[in-house]
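The values are calculated or read from the model by the stated rules, or taken from the named source; none is laboratory data. What you are looking at is a predicted structure, and each value in this text was computed from that prediction instead of being measured. Don't worry about glycine lacking a Cβ; one is built from the backbone with ideal geometry, like all the others, and counts go over all protein chains shown. Surface accessibility is based on the protein's heavy atoms, side chains included, excluding ligands, DNA and RNA. Shrake-Rupley method; radii C 1.70, N 1.55, O 1.52, S 1.80 Å.
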Amino acid sequence: MKYKRIIIGFLICTGFSLSAFSQTTGKVVDTNKQPVEGATIVMQLPDSTYLGVAISAADGTFTLEQEPDSYLLIIQHLLYQTRQIKGKTTDAGIITLEAKDYNLEEVVIKGEKPLVKVEDGRLGYDLSVLSEKQAVSNAYEAITKLPGVQEKNGTLSLAGANSLTIVVNGKPTTMTSEQLETLLRNTPVNRIEKAEVMYSAPPELHVRGAVINVVMKRSHDYSFQGEVSTNYQNRYFSSGGANGNFRLSTPKLTLDVMYGADNIQTMEYTELFSRHTLNDNVYEITQDEKLSSKSWMHNVRTALEYNINEKNHLNVAYTGSFTPDGHNRSIADGSFQQSSLDKFTDNKMNNITVRYSSGIGLEVGGDYTRYTSDNNQTMFTQLSDKSKSSYTLTGGQRIDRYSIYADQKHNLTNNWGIGYGVAYRYAKDYDFQTYNNVTGNIQTENTEAKLNEQTASFYFSLNKNWATGTSFSVSATGEYYTIGNYHKWAVYPQASLTYLKSPKHIFQLSLSTDKTYPGYWDMQSSVTYLNGYSELQGTPGLRPMTNYNLNGTYILKQKYIFGLFYTHTSDYFAQTPYQATGRLALIYKNTNWNYMRMIGVNVILPLSMGNWYDARLTLVGMQARQKCDRFFDVPFDRKKWLFIGTLDNSFKVGKNLSFELIGNIQTPFIQGTLDLASSFNLTAGMKWNFAKDRCSLTARCSDISNSSMPDMKVHFKEQYLDMDSGYYTRTVSLNFTYRFGGYKKQKVKGVDISRFGH
């Protein structure tokens, strides 16, 4: 309770803090009232004494640290007439620039937008430009087109980073990665202002490690716009859904509403061969398993943004996700056993967030998440000796999670800045499962567990920006974490340096530390049967893993990217299969390793030919070392080189029609005792805009050759197992979108429930 009172006291103090440093602010627009980005604003005294300089942001705003009694502003831009204004107040107001009259005869000027911009150490990408020729239909698909970003099996990764977190508008979410993916898949690309990639997240984001910050555009006018879309997908089964969202905005108030419904049907097929050693005897087990799932997923979001004035904003959002009446069925047939398992689920997630941004650099906010999951199972198994067993199971999970935070920034003289803040998160988890109608020789255990998790953190940061574009930041975050009987104090340092020798030569160096916590269900002493041979076991006492990341990046001509990286993760945990020595059972269980270490290089090379062809080649090479002294009775210490190559080709045919062809290849790799074979993915797509860009149709066939899932095997000491899951991975999808009412942008914030579920 002591640290709770400290945090509350800090929030009260920062809530009434005032900036000790004065600023002059304003906004630059053109004659059409559109913001002007990249204008240079020079501040002088009336006697021409230089005071400072600023560059207008994407929304046209700028900030100067000085506030003299009177001053002269000189506003310059290559495309606009230079203007001078005199002022005496901290608000320079709205400054309108007139376009220059270029009278060029028989001269053609060709401009090329930079692939990446570096701002305050962040790699900024314009997603609308990146996806202009790509067959993408929503924000999530556009994020997968970012240089160095790869999606595999529904997980996003960043070349050179141990892990990747997505945040929206500079704040973390309390959604699972799946929930956030659903939200972004229902968000139009044109509603995103930019995506910021950071290998070392600043502490005010309240996440650590590599981050992609999705910045949504804001509306400042009277408008009503939105879109409706429908999609179809075939991956063994046919499925589809529909989505609608709209925005109503005034200069003071903005209301966003989104609803989507998707019918989801999937099929997985696995062939398994196990040479299982038991009591000095070897049993050869073959097994074919079909796992199908069917469900409806409903997603709803309502967000309200109130602009109290130009500098003070209040945001309130509700997000809901509901998957009622889900049905999973597993049918396994083999030489050792035949089994059928039916699982019926009902999942609900409700989240509400509140966020207040002030004009004095203070931000406070909080959220509450309620997650419930119910599942009922029925399983029947017959072994090769004709013995039978069965059971019914009732289980569930109840999670309540609260979080609050407060951040304060101060801009000092000479472009120095400091920041500090606190955050507190509390989670209450209740898990249970009860077996009934148990027959035969099957081991069952009723479990009921409650976990209380608390995390309190505070940070201090220091940063410096130079007029040349060079910048650095350094911070330290202290954290006290407790769950059950586990208590841990930790300090997480962060540092980044961006050296801008010129716009053509940019160097970045970043250091970050992070902790990754296991899912709540993974820490229970429960056993979940997958079929008559395979089972999933919980791991009480599973420790969080600690990550250390060092990244170096060189950016040539704002488009060619070269990177070096080193990561070390202690207490790394992963789920690796193990053939039990006391019985014929294949166990999947998370265990803590000594460490996993990776060192490597990545190269990103954009290519183009005229206006009709664009491509991007991404190459990654790295060596991994994985060591575990206590993996059951088979300790391991293994090394392996991995190479990944991706070529993303876009072909533009006319103004409104484009095609894409993407190839990805990955060499063999390891995961503990598991060996992963090489994999290849070939994807083709098409995008057609019509009806004055109000309608768009995208079509895509991914994993054309059904080879994106690698074969897996364990041939390690006395462990011998082969698995092939590379079936039914080819996916054909269609998406149709209709936009109406002027089409403006949406502001969203997510919710993280990545550790929920089982």
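When the residues of region 557-579 are filtered to those that are polar (S, T, N, Q) and open to solvent by 40 Å² or more (accessible area, probe 1.4 Å), which remaining residue is nearest to R275 (Cα to Cα)? Can you show your working first?
Here is the first cut: in region 557-579, the ones polar (S, T, N, Q) are 558, 567, 569-570, 575-576, 579.
Subset that is open to solvent by 40 Å² or more (accessible area, probe 1.4 Å): 558, 575.
Numbers: Q558: 54, Q575: 20 Å.
Taking the candidates together, the pick is Q575.
Just for region 722-743: of the residues that are among the polar types (S, T, N, Q) and outside any loop (DSSP other than H, G, I, E, B), which one is surrounded by the fewest Cβ atoms within 10 Å (Cβ to Cβ)? Break it down stepwise before answering.
From region 722-743, those among the polar types (S, T, N, Q) are 725, 729, 731, 733, 735, 737; that's our starting set.
Okay, now just the ones that are also outside any loop (DSSP other than H, G, I, E, B), so 731, 733, 735, 737.
Details: T731: 16, S733: 19, N735: 23, T737: 19.
My answer is T731.
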For region 237-264 the number of residues that are under 27 Å from S293 (Cβ atoms) and crowded, with 17+ Cβ neighbours inside 10 Å is 8
Exactly one of T528, T513, T553 is of a type outside the set (K, R), out of contact with any Lys or Arg (no Cβ under 9 Å at 6 or more places or on another chain) and within 23 Å of V474 (Cα to Cα), and that residue is T553
Pairs returned, first residue in region 306-317 that is at pLDDT below 90 and assigned to a loop (DSSP other than H, G, I, E, B), second residue that is open to solvent by 30 Å² or more (accessible area, probe 1.4 Å) and of a type in the set (F, W, Y), beta-carbon separation under 8 angstrom, 6 or more apart or interchain, are N312/Y356
Notebook entry, point to check: Going by the conditions given, is Q443 of a type outside the set (G, A, S), in contact with a Ser or Thr (Cβ under 7 Å, 6 or more places away or on another chain) and in contact (Cβ under 8 Å) with a residue 60 or more places away in the chain?
Noted result: no
By residue number, the members of region 10-30 that are open to solvent by 30 Å² or more (accessible area, probe 1.4 Å) and at pLDDT below 85 are F10, L11, I12, C13, G15, F16, L18, S19, A20, F21, S22, Q23
Scanning region 316-361 for residues that are β-branched (V, I, T) and farther than 23 Å from G260 by Cβ, the one farthest from the chain's Cα centre (by Cα) turns out to be I331
Scanning region 587-597 for residues that are closer than 23 Å to F565 by Cβ, assigned to a strand (DSSP E or B) and open to solvent by less than 20 Å² (accessible area, probe 1.4 Å) gives M596
Matching residues in region 539-566 (more than 26 Å from the chain's Cα centre (by Cα) and within 24 Å of A449 (Cα to Cα)) number 3
Expected single match for at pLDDT 85 or above and either open to solvent by 10 Å² or more (accessible area, probe 1.4 Å) or over 28 Å from E310 (Cα atoms) (or both) among S200, S223, S229 is S229
Q397 fails exactly one of (1) within 30 Å of A585 (Cα to Cα); (2) touching a helix residue (DSSP H, G or I) at 6+ places or on another chain (Cβ under 9 Å); (3) surrounded by fewer than 18 Cβ atoms within 10 Å (Cβ to Cβ), namely (3)
Subject >> Hey, L605 over 23 Å from the mean Cα position of the chain (by Cα) and either under 21 Å from K559 (Cβ atoms) or of a type in the set (S, T, Y) (or both) or not >> reply: yes
**Q.** Selection status of D385, among the acidic types (D, E) and open to solvent by less than 40 Å² (accessible area, probe 1.4 Å)
**A.** no
Region 621-719: strands (runs of 3 or more DSSP E) wholly inside it with 1 or more residues that are touching a Lys or Arg at 6+ places or on another chain (Cβ under 7 Å) are 636-653, 657-666, 669-671, 674-676, 679-690, 695-702
By residue number, the members of region 598-639 that are of a type in the set (A, V, I, L, M), farther than 30 Å from H715 by Cα and surrounded by 15 or more Cβ atoms within 10 Å (Cβ to Cβ) are V603, I604, L605, A615
Inside region 509-556, the number of residues satisfying the requirement of being small (G, A, S), over 30 Å from A332 (Cβ atoms) and surrounded by fewer than 18 Cβ atoms within 10 Å (Cβ to Cβ) is 2
In region 678-704, residues that are in contact with a Leu (Cβ under 8 Å, 6 or more places away or on another chain), open to solvent by 60 Å² or more (accessible area, probe 1.4 Å) and over 25 Å from F740 (Cβ atoms) total 1
Of L647, L661, the only residue that is touching a strand residue (DSSP E or B) at 6+ places or on another chain (Cβ under 8 Å), among the hydrophobic types (A, V, I, L, M, F, W, C), open to solvent by 20 Å² or more (accessible area, probe 1.4 Å) and over 30 Å from R625 (Cα atoms) is L661
Expected output for region 222-237 (first residue more than 30 Å from K252 (Cβ to Cβ), partner among the hydrophobic types (A, V, I, L, M, F, W, C) and open to solvent by less than 70 Å² (accessible area, probe 1.4 Å), Cβ below 8 Å, 6+ apart or cross-chain) is T230/A242; N231/A242; Q233/V732; N234/V732; R235/M267; R235/V732; Y236/M267; F237/M267
Q: Would you confirm whether any residue within region 473-494 is surrounded by 18 or more Cβ atoms within 10 Å (Cβ to Cβ), under 30 Å from N411 (Cβ atoms) and out of contact with any helix residue (DSSP H, G or I) (no Cβ under 7 Å at 6 or more places or on another chain)?
A: yes
